[in-house]
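The values are calculated or read from the model by the stated rules, or taken from the named source; none is laboratory data. None of these values were measured; they are calculated from a predicted model. Using ideal geometry, Cβ is built from the backbone for each residue, glycine included, and neighbour counts are taken over all protein chains shown. Side chains are part of the model used for accessible areas, which takes the heavy atoms of the whole protein and leaves out ligands, DNA and RNA. Shrake-Rupley method; radii C 1.70, N 1.55, O 1.52, S 1.80 Å.
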Amino acid sequence: MAILVKIYRRFVQFILLLLILISILMLTGAAILFFKQEYIINTINENLNRYPDLSITYASVSVNTIKTFPRFSYSFTDFSLAININSQSDTILKTDDFQFSISLFKLLSGKIDIKNITVSNAAIKWKTNYSEDLFSSRNGRNQGSVAVLISGISLKNFNIELLDSASKKLLTCSGRNLNIKFKAEQSKLLLSIQSELSKVSIGEYLKITNQSRLNFDIEKIDNKLYIYNLESSIKSLRINGSGIYDLSSEIAAFRFKSNRFQAQDLSFMPNLESFDQIKGIITADAYLRLSSGFAKFDTLQVKYNSDRLKWFTKNEVSTITNLEGYTLLTDNFSKHFSYIPKASIETNNAKISVNAKVKGLKNFTVLAKGYISHVLRIQYPEIDIETSGQFKTLLSYSPKTESITPLLLKSDLVFENKKDVSLNQLTTKGTIAIGNDLKIEGYFKSDSTDVNFNISQASFLESFTQKNYSLNIHLFGNHIDYNDIGHLINKSTNDSSTNGITIPKMSFTLNYKGATYNRLKLNNLKANGTLKGDTISVDYFAADCFDGNVSGKFKSHGNSVHTNLWVSNVSIEYVFKTFNNWGQSYITADNLSGRFKGIMNMQFKKNEKGDVDLGSLKLFSDVQVVQGKLKGMDRIKGLSKWLNLEQVKVIAFDTLKNKITIENRKIIIPNMDVKSNVLLLNVSGVHDFDNRYEYLARINIGNLLKRKFVKSDKIDLHSSTDGSINLYLLLFGKNDDYEIEWINKKSFESGTHNTIQIDSVAIQNSPQIKKVEGNAVGNVKNGYKLEWDEQIDTLKNN
């Protein structure tokens with residue numbers, strides 16, 4: 001126990017002795033620093049006198065012995081360092097607090113060893129010509145009697161500016177910490193630099209506003225600076241590298257490597273702002289060459305690769321995979337060239353494997369070739385068309401506006417339905433050739449349509465640039481059903497406008513063995529015209545239909561249709577059947593036969609079912625009816641019975657000529673001669689779609705008398721309807737309710753029925769429908785009148 005007590009006492013004595021010694025050293029050091037303060041400052045000034053152009057000023061100086069023990073430090077307030085050249089003084093360093101620590105023991109041996117200089121809130125400005133002017137003034141001057149050694153400098157909250165001789169900024173940087181350590185070995189000078197930067201600008205070419213770190217070591221051998229262990233970090237960008245700087249030629253060269261950084265973190269680089277649209281991991285190696293003391297960027301060459309990137313644009317997101325390439329920037333980043341030997345790009349509906357060369361900065365010029373696969377998705381009918389093939393293109397691209405302008409384009413593509421489509425869907429296949437012009441050839445088929453097509457667009461590149469197309473389309477084949485294809489065309493046109501592509505006008509020619517349009521069925525159809533939106537204009541068409549031939553013009557706009565027809569040898573019966581008897585039942589296809597020819601101008605609107613809206617139907621015609629027959633009509637049967645012609649079932653007519661009009665739901669029949677196997681008469685009338693009607697007739701009674709009394713079944717069709725003995729009558733009614741009135745020649749020829757207003761439309765030589773009161777089925781008024789052509793009444797019965 002006594003031994004432990006003895007050891008404890010000795011230990012306490014040692015500690016006390018050590019504390020006393022430290023106190024003595026601190027007091028001695030403080031005394032020496034205090035009494036040697038003038039000596040130390042004079043020594044520093046003596047060393048500065050080696051550079052007579054430098055001068056320092058400060059407000060106060062203090063000694064600190066505790067914080068930096070075993071070293072001791074001086075602290076200067078409002079410290080500034082100035083350089084005087086050509087009778088002009090420039091402040092190169094200005095700081096609120098300037099500290100340096102020295103070794104007391106080396107001071108006793110005659111050396112001032114400054115371990116570290118600490119500068120807070122410092123502003124540093126340095127011109128490139130200061131080095132030459134400053135060090136040249138040192139030549140021939142004596143060295144100081146006491147050596148001043150500096151081991152390191154620390155800057156806190158600093159701002160540094162490097163300017164050329166004309167005060168143009170070459171480099172600016174600011175940050176929180178910058179530590180520089182010095183080590184001299186014979187002819188070598190070693191520097192180790194570590195920094196935390198908040199802003200860096202190199203001329204007008206490189207501006208970094210993000211927090212960054214920069215660490216590197218410098219070794220000066222002869223007249224060259226070797227830079228190694230270079231490490232830099234900006235966001236995810238981690239750079240390792242090395243370099244060399246020739247002090248004589250002021251040329252620098254660096255090599256860098258960075259593994260797995262985010263692509264968008266390159267957007268701080270000059271002219272790489274568009275990288276903020278790209279997300280993904282990139283690996284890169286770089287070579288950088290500078291000259292004129294870092295004032296000029298001669299070359300930046302970057303080799304890079306990436307497995308997967310996302311490219312975000314205004315309209316869609318693209319995926320870039322298997323990217324390999326290199327980029328070359330020269331002449332202070334004013335010239336750019338990139339080569340991409342391999343990359344794959346995938347969008348929502350396209351895949352591209354590409355090899356490309358790129359030039360330009362704000363706008364890129366791209367020379368590319370590769371393979372493209374594109375899927376066109378059509379909503380109605382639901383169908384996917386896949387296009388694929390080789391392409392070559394020269395184009396310009398603006399990252400700011402995301403606009404593509406093709407300058408040259410050559411491509412040979414094929415297209416067809418994607419696999420596994422159902423049998424009832426529309427199928428298509430063909431080729432696309434793109435050069436100065438666009439040429440598309442192919443076919444599409446469905447259950448009702450079998451169409452071949454040729455599509456061409458002259459000056460395709462110009463049209464693509466202006467987003468304004470004018471296509472020429474030639475359609476031919478066995479059969480086309482416009483009821484199906486029309487919906488497809490209209491839907492595709494509407495969808496294309498949403499993608500920024502408009503097709504204001506398409507010219508087309510047609511040549512089909514068969515075609516269907518609503519109820520109309522055509523054979524050997526030939527036509528040419530234009531398609532603009534939902535407007536179809538056919539300048540000329542010809543087709544076999546209604547067992548005859550029809551040609552003319554046609555225009556459809558929305559649900560409105562207007563056509564001019566030249567009709568030849570058309571079956572009246574087929575016409576009425578095709579158009580469902582025009583929605584009326586008074587005269588139907590069962591009551592009519594014969595053929596007609598002539599000119600027809602027809603307008604109507606289609607209802608929701610695609611049928612004719614009878615209220616909108618207008619027809620103006622100048623036609624002839626050949627071999628016409630009227631049969632099975634109750635009205636004719638009633639008239640035949642009244643005339644005592646019980647056996648008449650079919651009335652055959654000689655050639656009829658008239659200008660029939662349909663308007664406001666009325667069929668208007670002007671005055672015309674009707675010569676038949678029963679009657680020779682002149683008739684005119686009005687018949688509306690509500691089955692109201694009114695007819696005026698003049699009957700050559702001579703033929704009737706001959707048929708009745710002479711017992712002859714023959715009628716001379718060359719005889720006039722205006723005979724020596726005529727019967728004049730008026731037939732009017734609605735549905736099965738009708739009346740017959742006998743009138744005289746004067747009433748028949750009077751002006752009351754020569755000009756009749758029907759819903760504000762003037763119709764020449766047409767009667768007006770009168771209201772029928774009561775149920776007057778077969779009602780024939782008592783009294784009739786036969787008149788000679790001299791207008792002398794020969795028989796009256798009242």
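With a 1.4 Å probe and all protein chains kept in place, how much accessible area does Phe689 have, in Å² rounded to the nearest 10?
10
Find how many whole Å separate the alpha carbon centroid of segment 193-245 from the alpha carbon centroid of segment 306-321.
About 31 Å separates the Cα centre of segment 306-321 from the one of segment 193-245.
From the protein chains alone at 1.4 Å, what is the descending order of accessible area for Ser616, Ser338, largest first? Spell out each step's value before the answer.
Details: Ser616 30, Ser338 5 Å².
Output order, biggest surface exposure first: Ser616, Ser338.
For the residue pair Lys115 and Lys188, what label-to-label distance in nm results when each label sits 7 Å from Cα along the Cα-to-beta-carbon direction?
Those two pseudo-labels are separated by 2.5 nm.
Of the listed pairs Lys224/Lys257; Lys156/Lys181; Lys303/Lys342, which have alpha-carbon separations greater than 18 Å here?
Numbers: Lys224/Lys257 23 Å; Lys156/Lys181 15 Å; Lys303/Lys342 13 Å.
Those over the limit are Lys224/Lys257.
For the pair Arg289 and Ser456, what calculated FRET efficiency results from E = 1/(1 + (r/R0)^6), where r is the Cβ-Cβ distance and R0 = 51 Å, to the nearest 0.05?
After rounding, the FRET efficiency stands at 0.45.
Report Trp742's accessible area, 1.4 Å probe, all protein chains in place, as a number in Å² to the nearest 10.
40
Toward the positive end of the charge dipole of segment 203-336, about the Cα centre and with charges on Cβ (Lys, Arg +1; Asp, Glu -1), which of Asn229, Ser258, Leu328 goes farthest?
In segment 203-336, that residue is Ser258.
Could you put Asp547, Asp737 in order of accessible surface area, largest first, with the 1.4 Å probe and the full protein assembly present?
The ordering from most to least exposed comes out as Asp547, Asp737.
Hey, for a label at Arg238 modelled as a point 7 Å past Cα toward Cβ, could you say which residues of segment 247-261 have their backbone N under 11 Å away?
Only 258-261 fall inside the zone, counting backbone N under 11 Å.
At 1.4 Å probe size, with no ligands or nucleic acids counted, give the accessible surface of Thr428 in Å², nearest ten.
Surface accessible to solvent at Thr428 totals approximately 10 Å².
Mind ranking 393-399, 590-596 by how tightly packed they are, going by the mean number of other C-beta atoms within 10 angstrom, highest first?
590-596, 393-399
Among 384-390, 244-250, 522-528, what's the highest-first ranking by average C-beta atoms within 10 angstrom per residue? Please list the in-between numbers first.
Values: 384-390: 16.0, 244-250: 13.9, 522-528: 18.1.
Result, highest mean Cβ count within 10 Å first: 522-528, 384-390, 244-250.
Working with all protein chains in place, sort Leu727, Leu190 by solvent-accessible area computed with a 1.4 Å probe, largest first.
From most accessible down to least: Leu190, Leu727.
Could you sort out which of Lys310/Lys369; Lys94/Lys125; Lys127/Lys335; Lys314/Lys505; Lys521/Lys631 sit more than 18 Å apart by Cα distance in this structure?
Beyond 18 Å between Cα atoms: Lys310/Lys369; Lys127/Lys335; Lys314/Lys505; Lys521/Lys631.
Quickly rank 408-414, 540-546, 676-682 as a protection proxy: mean count of other C-beta atoms within 10 Å, highest first.
676-682, 540-546, 408-414
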